[in-house]
Amino acid sequence: VEGFEQTKERNSTKSRTKKKSSTQSEEGLIALEIALSLIGSGEDRANNEGAFIDQIFRRENASANWCAAFVSYCIEEAYKKTGVEMPFERSGGAKKLFKRIGKSGSFVERPIVGDIVVWDRGKPGSWQGHIGIVSSVSESDFVSVEGNVGSYSKTRGAVRNIKHNFNEKKLEGFARLP
């Protein structure tokens with residue numbers, strides 16, 4: 001992954017305090033690895049439904065927009081791998097999850113690999129949003145791994161790596177895991 005840099009330091013305690021915003025998050029990088037391994041996974045029974053959707057929601061017969069459940073799943077699995085307790089609750093809501101991540105970690109103006117990105121998907125300021133994990137960054141754009149991309153009837157909603165411009169109208173911001 002371009003810009004991917006594995007950290008060597010380990011914190012032996014089960015919880016962490018906030019990191020400086022310029023520090024890459026180990027859990028963010030692991031969550032990204034998990035997300036990248038799931039590219040192409042997605043809906044298989046119907047729109048917003050399938051075995052993969054059940055897996056990331058951690059329940060059977062789940063049926064809902066699933067971008068936040070996907071990011072929550074990747075983050076939760078990353079924290080399990082490091083043995084550190086996840087410092088916030090998972091969420092099926094993109095903006096709610098984004099706020100929880102930013103409050104426990106930090107909100108950042110310029111992302112780095114492993115950061116979380118959120119967009120507005122409804123009226124400005126509404127609860128509706130879309131969320132992903134940043135996989136690469138350049139001067140004018142970034143790429144993020146996102147769940148629930150595409151229409152079931154046309155391309156089957158799936159996990160995809162998508163290129164975005166920093167000037168996108170509905171881009172709300174970036175957050176870094178603690």
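The values are calculated or read from the model by the stated rules, or taken from the named source; none is laboratory data. If you're wondering where the values come from, they're calculated on a predicted model, not measured in any experiment. All Cβ positions, even for glycine, are placed from backbone atoms using ideal geometry, and neighbour counts span all protein chains on display. Side chains included, ligands, DNA and RNA excluded: accessible areas come from the protein's heavy atoms. Shrake-Rupley method; radii C 1.70, N 1.55, O 1.52, S 1.80 Å.
Scanning the range 42-80 for residues that are open to solvent by 30 Å² or more (accessible area, probe 1.4 Å) and polar (S, T, N, Q), we see that the one that is modelled with the highest pLDDT is Gln55.
Sub-8 Å Cβ pairs linking a first residue in the range 99-111 that is outside any loop (DSSP other than H, G, I, E, B) to a second residue that is open to solvent by less than 30 Å² (accessible area, probe 1.4 Å) and of a type in the set (Phe, Trp, Tyr), at least 6 apart or interchain, are Arg100/Phe88; Ile101/Phe88; Lys103/Phe88; Ser104/Phe88; Phe107/Phe174; Val108/Phe174, ordered by first then second residue. For Ser126, the requirement of being touching a residue at least 24 places away in the same chain (Cβ under 8 Å), more than 15 Å from Gly42 (Cβ to Cβ) and among the polar types (S, T, N, Q) is not met. Filtered by the rule that a residue be without any contact (Cβ under 8 Å) to a residue 60 or more places away in the chain and among the acidic types (Asp, Glu), the range 31-60 gives Glu33, Glu49, Asp54, Glu60. Can you find, within the range 112-123, the residue that is most open to solvent (accessible area, probe 1.4 Å) among those that are touching a residue at least 12 places away in the same chain (Cβ under 8 Å) and in a loop (DSSP other than H, G, I, E, B)? Per the criteria, the residue is Arg121. Of the residues making up the range 131-178, those that are surrounded by fewer than 22 Cβ atoms within 10 Å (Cβ to Cβ) and within 20 Å of Ile56 (Cβ to Cβ) are Val149, Gly150, Ser151, Tyr152, Thr155, Arg156, Ala158, Arg160, Asn161, Ile162. Comparison of Gly102, Gly92 shows that the only residue that is more than 16 Å from Gly28 (Cα to Cα) and either more than 15 Å from the chain's Cα centre (by Cα) or buried (at least 16 other Cβ atoms within 10 Å of the Cβ) (or both) is Gly92.
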